[in-house]
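Enquirer: I have a structure I would like to understand better, so I am pasting it below and will then ask my questions one at a time.
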Amino acid sequence: MVLHVEIKEAGYSLESPVLKDIKFSIHPGELVGIIGPNGAGKSTTIKSIIGIINHVKGDIDISNYAYIPERPILYERLTVWEHIDFLLSTLDVDEKQFNAKAEELLKLFNLPQVAHQYPDSFSKGMQQKVMLVLAFLKQPDLYIIDEPFMGLDPKAIKRLLQLIGAEKVKGAGILMSTHVLDTAEKICDRFVLISDGKLITQGTFEEIRESSGLDQGSLLDCFDILTERDPHVW
């Protein structure tokens, strides 16, 4: 298991918890999609998992991970390659192999021409590609990806999905928050559906269909049904 989450309560203050009773796990080689309406608590769940929410009651067991936030976080005074060098300095890996992998990833996302430029002037999509390069260079046991498709062009999305597939084969787990349900339906092994800060249901696509009562429904159809129901019935 690369991630086990049992959040009894979590939030930005003790008096007003945002999350209650969130429990799920991710196994090696498994892609789990965390889905829910805007404001449901998906990002708060992710922030609780990686330890940047102060008020969390419960237990979280997490492996070595790479985090790709919805909004890229990069150093203004470091070029793209200097970000790569900085990451290298934190890892116990072969420098030659690491740099070769970095060049391969930069080429994959069409970034070699900006490798020695500062990313603060890049578009959001280009900054997101830099974040992806850094994450996949780290080669962690677990990837935590928040809205990965925002700002990416179709080719970059295809490359990202190829990388995710390759990492799954190697045994990495992936937790991915997304609103792009048609893509999630095709690539996720299981889903965690959160609404109003609570776990509504979780399981495979077929189990989500069963929970919603829509035997042939799309993930979007099931999502609509499950998030409209009274949360107290769960």
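The values are calculated or read from the model by the stated rules, or taken from the named source; none is laboratory data. Since we're looking at a predicted model, the values are computed, not measured. Every residue, glycine as well, gets a Cβ built from its backbone with ideal geometry; the counts of neighbours run over all protein chains shown.
Enquirer: Of all residues in segment 157-183, count the ones that are closer than 27 Å to residue 106 by Cβ and in a helix (DSSP H, G or I).
Expert: Step one: filter segment 157-183 for residues closer than 27 Å to residue 106 by Cβ, giving 157-178, 180, 183.
The next check asks that each one be in a helix (DSSP H, G or I); those that pass are 157-170, 183.
The qualifying residues number 15.
Enquirer: Right, something else. Are any residues in segment 119-133 surrounded by fewer than 19 Cβ atoms within 10 Å (Cβ to Cβ) and over 24 Å from residue 38 (Cβ atoms), and if so, which ones?
Expert: 120, 121, 122 - these are the residues of segment 119-133 that are surrounded by fewer than 19 Cβ atoms within 10 Å (Cβ to Cβ) and over 24 Å from residue 38 (Cβ atoms).
Enquirer: Against the conditions (1) touching a Leu at 6+ places or on another chain (Cβ under 7 Å); (2) in contact (Cβ under 8 Å) with a residue 24 or more places away in the chain; (3) surrounded by fewer than 16 Cβ atoms within 10 Å (Cβ to Cβ); (4) not charged (D, E, K, R), where does residue 73 fall short? Just the number, please.
Expert: (1)
Enquirer: Can I ask one more? Working only within segment 36-69, note down all residues that are among the β-branched types (Val, Ile, Thr), modelled with pLDDT of 95 or more and not in a strand (DSSP E or B).
Expert: 45, 46, 49, 50
Enquirer: If you scan segment 94-113, which residues turn out to be assigned to a helix (DSSP H, G or I), of a type in the set (A, V, I, L, M, F, W, C) and touching a helix residue (DSSP H, G or I) at 6+ places or on another chain (Cβ under 6 Å)? Break it down stepwise before answering.
Expert: Step one: filter segment 94-113 for residues assigned to a helix (DSSP H, G or I), giving 95-108, 112-113.
Keeping just the survivors that are of a type in the set (A, V, I, L, M, F, W, C) gives 98, 100, 102, 105-106, 108.
Residues satisfying the conditions are 98, 102, 105, 106, 108.
Enquirer: Which one is modelled with the highest pLDDT among residues in segment 70-93 that are outside any helix (DSSP H, G or I) and of a type in the set (Asp, Glu)? Break it down stepwise before answering.
Expert: First pass over segment 70-93, keeping only residues outside any helix (DSSP H, G or I): 70-79, 90-93.
Next, only the ones that are of a type in the set (Asp, Glu) stay: 70, 76, 92.
Working: 70: 90, 76: 89, 92: 96.
The residue in question is 92.
Enquirer: Looking for something acidic (Asp, Glu) and either closer than 24 Å to residue 179 by Cβ or in contact with a Ser or Thr (Cβ under 6 Å, 6 or more places away or on another chain) (or both) - is there at least one such residue anywhere in segment 2-20?
Expert: Residues of segment 2-20 acidic (Asp, Glu): 6, 9, 15.
Keeping just the survivors that are either closer than 24 Å to residue 179 by Cβ or in contact with a Ser or Thr (Cβ under 6 Å, 6 or more places away or on another chain) (or both) gives none.
No, that holds for no residue.
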